[in-house]
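The values are calculated or read from the model by the stated rules, or taken from the named source; none is laboratory data. Just so you know, these numbers come straight off a predicted model, no measurement behind them. So basically every Cβ, Gly included, is an ideal-geometry build from the backbone, and we count neighbours across all protein chains shown. Surface accessibility is based on the protein's heavy atoms, side chains included, excluding ligands, DNA and RNA. Shrake-Rupley method; radii C 1.70, N 1.55, O 1.52, S 1.80 Å.
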Amino acid sequence: MTRKKSLTEIIHDFFSNPFRLYFLLASLSIIFIASLWLTVGLSAFLGGPTLTTHINPLSYHAYGYLNIFGAAAFAGFIFTAVPEWTHFTHSLRRLSAFTLLLWLSNIVLSFVDLQRSAQIMSLFWFILTAFTIYATFQDRNRRQISVCLMLSLITALTTAYGLSGQWTFIIALAHAYIIGVSLIIFRIGMAMGSHSLKQAGPKADKLSYIQNPYYRNLNIICMYLYVFSLLFFNDPVFSSWLALASGLSMIARLRDWHHCILWHASFVRWHYLTLLCIGLGYSWMGLSGILSWGNPKQALHLILIGGFIFMALQVFNIAGLIHSGRGLPFPWTSQWGLAAILAAALLRSMSLSFGWDYALFSLAIPSALIIIAFIMYIPVFLRIFIQTEATQPSPRN
């Protein structure tokens, strides 16, 4: 259903359905963050003056992708998925407004001091965690315990960095985000598999899609152990073995998608590539540490761009379409955007191995591709969000 809305109705709708607000804000923020990094890359390539600030550009780049873009992406997903999973039908407007105020304050403070910014974000993550725990408790829903634990870990790591300023917590936070991705791809994967079978026609009438929960649990346990090893053990080789275990257990999850009938759907193919990037990235990182071979930062960028950012855009599409009463597959603009992010992940992680110019192929071009991907997303989904009514969580029976 489409109709013209007034500005007041649009604002009311965006705060009542925070996935619309946060998906668009996350997309805008990553365009800005990637533009800063694009400037750094082009300056280095052309030999011009670099951007001078009192904040380390490398630190701001990493923090921005995680606690600015990443925080908005997670907020949009949590405020959409948790009410649906727990049948939480109360208004989210005040919660949306308060978390938005914290998120905007975080952006302002990030230009002054990253540690103070993280202190603000500690409260942001605490609210997301408390909301999820409250909704889970109200629904007596044990299936959401894993989500509560993941959000609690992110909150604890953000708080620890805000109090100590130690960069180890930001590195651990990046991997905690991938734990979140590992949980999300299981939940979303179930829906994607079912949608793919529905679109397959009569030949899939008697088929159903179920993923292997044991592979998921093994993968998530390995990733938790890897994060804890970074925090509590000063043994890079031991941590590398856990990274390898995380990668191989993620690759094992690919088996859930080795069915030809599922592969006719483009969203399944994108989803498969996400799992593959994460699995190969952690395996690469583990082997790099065990054998003292290569640069583990290359593998980390394959994980974060090819796993986290790549999956974030897919979530923006899946949740944005389904909760706006639309169906899959993705719009063609999103298909091209996903291709751009995949290319950015491969260039950023592998170009150095081929001896290509670092500033151009590892910094500038990947940043430009990420910018292009989200520039194509915003106008299409802004129009969808304005023109359609959002679907509401189903009430508890």
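The table that follows gives values for the structure above.
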quantity: Inter-site label distance for R94 and F354 at 7 Å from Cα along Cβ, in nm; calculated: 5.6
quantity: Estimated [θ] at 222 nm from DSSP helical runs (n ≥ 4, -39500 (n - 2.57)) normalised by residues in the chain, nearest 500; calculated: -24500 deg cm²/dmol
quantity: Sparse-neighbour loop sites [chymotrypsin sites (Phe, Trp or Tyr not before Pro); the range 187-278; at most 15 other C-beta within 10 Å; DSSP]; calculated: F233, W263
quantity: Carbon + sulfur, % of accessible area of the chain - ligands and nucleic acids excluded, 1.4 Å; calculated: 68
quantity: Potential lengthening between Q199 and L36 on full extension [0.36 nm per residue; Cα-Cα distance subtracted]; calculated: 54.5 nm
quantity: Principal semi-axes in Å for the range 100-165 [√(5λ), Cα gyration tensor, largest first]; calculated: 27, 12, 6
quantity: Cβ-Cβ FRET estimate between L149 and K206, R0 fixed at 25 Å, reported to 0.05; calculated: 0.10
quantity: Computed lengthening from A44 to S394, 0.36 nm per intervening residue step minus Cα-Cα distance; calculated: 120.7 nm
quantity: Segment Q115-F238, length gained on full extension (0.36 nm per residue, minus Cα span); calculated: 41.4 nm
quantity: Axial C-alpha extent at least 15 Å, average Kyte-Doolittle at least -0.5 - helices from the chain (DSSP); calculated: 18-46, 71-86, 93-110, 114-139, 145-164, 167-199, 213-232, 236-252, 266-291, 310-322, 332-350, 365-387
quantity: Accessible area expressed per residue, the chain, with surrounding protein chains retained (probe 1.4 Å, Å²); calculated: 44
quantity: Label-point separation in nm, W332 to I221, each point 7 Å along Cα→Cβ; calculated: 4.8
quantity: Loop-resident sites, the range 185-270, for trypsin sites (Lys or Arg not before Pro), counting at most 10 other Cβ within 10 Å (DSSP); calculated: K206
quantity: Where labels lie 7 Å past Cα in the beta-carbon direction, separation of I378 and W263 in nm; calculated: 3.7
